[in-house]
1. Considering only residues that are part of a helix (DSSP H, G or I) and under 18 Å from the mean Cα position of the chain (by Cα), look in the stretch D:82-108 and name the one that is nearest to the other protein chains (Cβ to nearest Cβ).
2. So, in the stretch B:123-149, of the ones that are buried (at least 20 other Cβ atoms within 10 Å of the Cβ) and closer than 26 Å to B:THR294 by Cα, which residue ends up farthest from the chain's Cα centre (by Cα)?
3. Which of the following residues is at pLDDT below 95 and within 24 Å of D:LYS60 (Cβ to Cβ): D:PHE202, D:PHE235?
4. Looking only at the stretch D:41-81, how many residues end up being at the interface with chain C (Cβ under 9 Å from one of its Cβ atoms), over 18 Å from the mean Cα position of the chain (by Cα) and buried (at least 23 other Cβ atoms within 10 Å of the Cβ)?
5. In the set C:SER272, C:SER299, C:SER335, which member is outside the structural domain of C:ALA77 (by TED's automatic domain parsing) and touching an Asp or Glu at 6+ places or on another chain (Cβ under 8 Å)?
6. What number of residues within the stretch A:246-269 satisfy the criterion of being within 14 Å of chain D (Cβ to nearest Cβ) and of a type in the set (A, V, I, L, M)?
7. Could you tell me which of the residues A:ASP22, A:ASP30 is more than 7 Å from chain B (Cβ to nearest Cβ) and assigned to a helix (DSSP H, G or I)?
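The values are calculated or read from the model by the stated rules, or taken from the named source; none is laboratory data. A quick note: this is a predicted structure, and the numbers were derived from the prediction, not measured. All Cβ positions, glycine included, derive from the backbone under ideal geometry; neighbour counts span all protein chains shown.
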There are 4 protein chains.
Amino acid sequence: MGIRGSLRIMEKNKVKRGFGSDNNAGIHPDILKEIISSNTGHVIGYGADVYTEQALNIFKEHFGSYSETYFVFTGTAANVLGLSGITRSWNSIITASTAHLEGDECGAPEKFIGCKVLVADTPDGKITPELIEKHMHGLDFEHHSQPKVISITQATEMGTVYTVAEITKIASFAHAGGMLLHMDGARIANAAVALNLPFKAFTTEAGVDVLSFGGTKNGMMFGESICFLKPGLSFDFKYIRKQGMQLASKMRFISAQYIGYFRNDLWKSNASNSNAMARMLDEQLKQIPEVKVTQEVQSNGVFVRMPADVAEKMRDHYFFYPWDEKRSEFRLMCSWDTKKEDIEDFIRILKKELEK
Amino acid sequence: MGIRGSLRIMEKNKVKRGFGSDNNAGIHPDILKEIISSNTGHVIGYGADVYTEQALNIFKEHFGSYSETYFVFTGTAANVLGLSGITRSWNSIITASTAHLEGDECGAPEKFIGCKVLVADTPDGKITPELIEKHMHGLDFEHHSQPKVISITQATEMGTVYTVAEITKIASFAHAGGMLLHMDGARIANAAVALNLPFKAFTTEAGVDVLSFGGTKNGMMFGESICFLKPGLSFDFKYIRKQGMQLASKMRFISAQYIGYFRNDLWKSNASNSNAMARMLDEQLKQIPEVKVTQEVQSNGVFVRMPADVAEKMRDHYFFYPWDEKRSEFRLMCSWDTKKEDIEDFIRILKKELEK
Amino acid sequence: MGIRGSLRIMEKNKVKRGFGSDNNAGIHPDILKEIISSNTGHVIGYGADVYTEQALNIFKEHFGSYSETYFVFTGTAANVLGLSGITRSWNSIITASTAHLEGDECGAPEKFIGCKVLVADTPDGKITPELIEKHMHGLDFEHHSQPKVISITQATEMGTVYTVAEITKIASFAHAGGMLLHMDGARIANAAVALNLPFKAFTTEAGVDVLSFGGTKNGMMFGESICFLKPGLSFDFKYIRKQGMQLASKMRFISAQYIGYFRNDLWKSNASNSNAMARMLDEQLKQIPEVKVTQEVQSNGVFVRMPADVAEKMRDHYFFYPWDEKRSEFRLMCSWDTKKEDIEDFIRILKKELEK
Amino acid sequence: MGIRGSLRIMEKNKVKRGFGSDNNAGIHPDILKEIISSNTGHVIGYGADVYTEQALNIFKEHFGSYSETYFVFTGTAANVLGLSGITRSWNSIITASTAHLEGDECGAPEKFIGCKVLVADTPDGKITPELIEKHMHGLDFEHHSQPKVISITQATEMGTVYTVAEITKIASFAHAGGMLLHMDGARIANAAVALNLPFKAFTTEAGVDVLSFGGTKNGMMFGESICFLKPGLSFDFKYIRKQGMQLASKMRFISAQYIGYFRNDLWKSNASNSNAMARMLDEQLKQIPEVKVTQEVQSNGVFVRMPADVAEKMRDHYFFYPWDEKRSEFRLMCSWDTKKEDIEDFIRILKKELEK
């Protein structure tokens, strides 16, 4: 059975579809093809192969010739190892209370770096110098972890997107205080589409120092990357990746995926679809008085309050996660393969359930 | 281009072939097919999917119904996280001086577990209670790291294979001293073929407590697993895997590979080929007086001394690594896709070079 | 020069006196005497000596016969190592935002345990089940650090003191959720005096599981202890202490201090003095309209807002630290050796400065 | 009871005397006096006091004006934190198989630094470039921990002493390979006396980069120091010490001890005594045919083989530790307070026991 056969099966299994997470979707066929075409002959392991060379060059095109990129397996690893390269254990990393880094990595930053993660409360997933300010004390005081990195998520865990101006402002604040700016770009493609800007414009050029560049949530099988956007930051990083258990022996199969991801701007069409589907969902939900969209929909996630019993019934049809059970708030994520019919069907069933 | 097209390209790229490592080979087509056929619809991430359920059941068939298996990305992670589950930082892990754990993981055990790795010198990669004995002191003495795990590699890094009796003896020694037995099975399939035994016979039934079960070196794309073979050992392990940055979001694509790996005993035919090719290489090399095979060839690796200048010329044709440059010793690894013609060609060129 | 000579010098150096911290005071003479009298002959190192035996027995009298106590050097070590004994890296420790553990240990818990420290905001240094509740989510969910310990400080960093009822309530909450209760008792003597209760009544009997029992801030030279108040908690702890670099070779000189500390209830007279002096300071400050005491004075610390320029001038006479510079709030700590004249003098000068 | 009273008791307790360890002895009276005289008034905690200032200046006199010294509590901490300042987790530290760092710190270097400790076997506790050489491979290879520090012990754990030429040779070897030289000077005073050289001559001037300068084994109560002998090495070290739980709040009482330790070269007279006593013990033992001194006696330790049953009886009179029970080898350590009569008495009883 070839790729086409595989796609036919996907069609028939609509019943499994849902809004649980953008990583519940599979691999985009063009990426699978690239894996297949790289699966030829022997190549040296651990990244000394032509596919990795080609993929890394693509990253240089996108992020600047002085950027240095390293591939790893997971988004958690991209965040933790990237941060590990620019912090020491006596530093603190300041991030949003909603950040994946804080709440969804089971303490991996603390375990691997040994440092403190400090949070700024934020209603919409975005932080600002004003919110960060409260952690800027005890400087040069040995009893206190020294702030070293600000980490922002783009697009945020709440589906919102930082503007270039907002990022530049945080970067200036960070650099003025001798700190660095890290961006968790697990959904960076969705942000790029939302901003209608090339990656560079809101990363390298906006003052970001280290970036986790995600792919898995936007159609890849696995594989994330860490992009050091300023010279000198990745010194010794190859040891951090290996000791961090993230050096792939058959690296070509991450690299090949990235080649496919960037070819014909696949990343853009994938993210455009998921963003558009979220927008459509948002618009449709806003027509229904019994439910309330709680966050501005700027990328591919929709946060919505609906009656708990209705939500439970909806999950018989489409899988999705509760976000805040006390508030009866749910998260609906759209993927590269979400279709108009998914949205229409979801809304149709929802209305029916609400009428009961 | 489908799988067949891909295989055609592989044929044409013979020039890239070599004996560098079994991970320089690509993915076996049957495993790729399984990935493709699992790439359908949405499934819940992080392992709560039908493919993972199926794959984990297969592991129970092979290792016993009380065994518990967890998938991770790399062999280093399988070793380090598996050991992490059964040690504390004040313990020591005793292993062979040749072990991957000691020399090829950039200190990942020390970093992640914070414990001491103690080595026993061994000429052939295998350790025995006698060799381990020297580290069995300072027991119950707080100044001294407490021995907790013996780790053996099967097949060893030197291509040798432990017999069931040898493993049982080490297990008894370990358990009598309140320790556990860990097996690094990065090449366990090659050992099973060499011993002509089911996995269980020289793991669970021989007293092994925790196993790293490799797949990547025998035809998979990526993905290794940690098998806790005794009840109660994997308590809390799910947190260790997540905090260890090794929880795959699109887990189905590791699981699907394992399904393919076990279907029709693909693991066995792959390992049988690489073992047979190594045996053939061994036999041919032994006919050549100018070179010397230095280890007994029991799995898929051949260690051979040859003149350094000849070795350098050989590497224009077939890539392989030096093992001990001072002794002019080299390592030749055979893979699931190594062919008779590779061996014949290699030997032919070698003889020619030696004649010069 | 003997002890008496030393005390004479202390008298003459009044100029150095202040309210900087209770650790700016020296060693109580009775403790020094005990050190001197233990300085005789040879004893086995690392705690196998008669002084340590005697001191540990005293702890059993105070905390119950099943309690197990270990001496270390610093309060940070007492907190971090004690917590290390009852947590794993994937756990979280929940504490007050004002806790020493959070803000004054330079990330030592994160470094040594590798776990997450989560904070509950509190105006007065005390936390309650209601404040802790917000961190009780994601249970059994591998993406989330699992709450394992609640840590309270007694007396708190804000000078307030938990009642037995408050402690019991937190302990019940902790235990009902499968968690443990840790108490940072850096100033536990001050709390005992404030509550007018034996130590046991608000620790062991109130449900505390692990206690950091301080001495340095109440007249000792150095040395803190970790008391495991429930059986079974200190299993393997001797290795944690040694690996934590806190095993004293000449242990007798910590033990001797504790012998002196408990003899004739020296701890009580010392803490009674510092508490009384703080109360006196509080009363006097409340007579002055230009300044405002911001926390209820229940132990030996007084928090007070005063004009910044006045505070600066006061520090020419008596050293003390700012607490919150933005609010012009300062912390005045009383010690075992603070005298009525210190308070009277401080108040007199303060009034004069305020008049200017 | 004053110091004199204390000394009288010490006389009467001869029964407790022994050769267990130089840390089984107490505090030299001159050091106690210095503690007492610093116990006056209030001083700012954590090292911002006049005693610490004075003590640190003395270190600059001994080790050079560009040296930077930090006080900690234990020898293990001095080693681990000092090394922590100059390594990263992907480095390896190469030391002697007999080193305290390897065998007597319960894995503290691995826990705190996360790095690998590699050992060179040595019969006499000393290592050489030739012995170290075997670990100098895998350079720049990410799979392999990168050698960064060579650590030697002076005097060694076997009682031997490196010459200046030997140290210089190792330093040159280290520096030529981009590595640093660390010296564990737990018994550095004994080495200085043995070499009849100032400290600087065989540390700073011989190429040592970082030094653990011990005091506890030579008459102090507690307190060791870390001396960074080259500029730029101690950058950020204050955070390492605090996070390492080794920042003393009442720092003056370590500093005062060092003031006493250097005053009138007390360190020298103490170490001269213990060295001389060891020499005397060595000479006497060599007269006895039934026992065999196994190491050259160059500092204050004597290693001797004697019949196990005799050793057991001797321990009724004088406590000492077995070194290698299989070889019936024992370690006899002399202290600053060991007396001629101790040696004479020990030899007398030994002869009597051997005659039985």
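1. Applying the filter and picking the extreme gives D:ALA108.
2. Here the residue is B:ILE132.
3. Details: D:PHE202 fails: at pLDDT below 95.
Sole residue among the options that is at pLDDT below 95 and within 24 Å of D:LYS60 (Cβ to Cβ): D:PHE235.
4. Residues in the stretch D:41-81 being at the interface with chain C (Cβ under 9 Å from one of its Cβ atoms), over 18 Å from the mean Cα position of the chain (by Cα) and buried (at least 23 other Cβ atoms within 10 Å of the Cβ): 2 in total.
5. C:SER335
6. Looking only at that region, the number is 3.
7. Selected residue: A:ASP30, the only one of A:ASP22, A:ASP30 that is more than 7 Å from chain B (Cβ to nearest Cβ) and assigned to a helix (DSSP H, G or I).
Table: residues versus (1) in contact with a Leu (Cβ under 8 Å, 6 or more places away or on another chain); (2) more than 28 Å from C:GLY178 (Cα to Cα).
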site: C:ILE35; (1), (2): yes, yes
site: C:SER65; (1), (2): no, no
site: C:GLU68; (1), (2): yes, no
site: C:THR87; (1), (2): no, no
site: C:GLU102; (1), (2): no, no
site: C:ASP121; (1), (2): yes, no
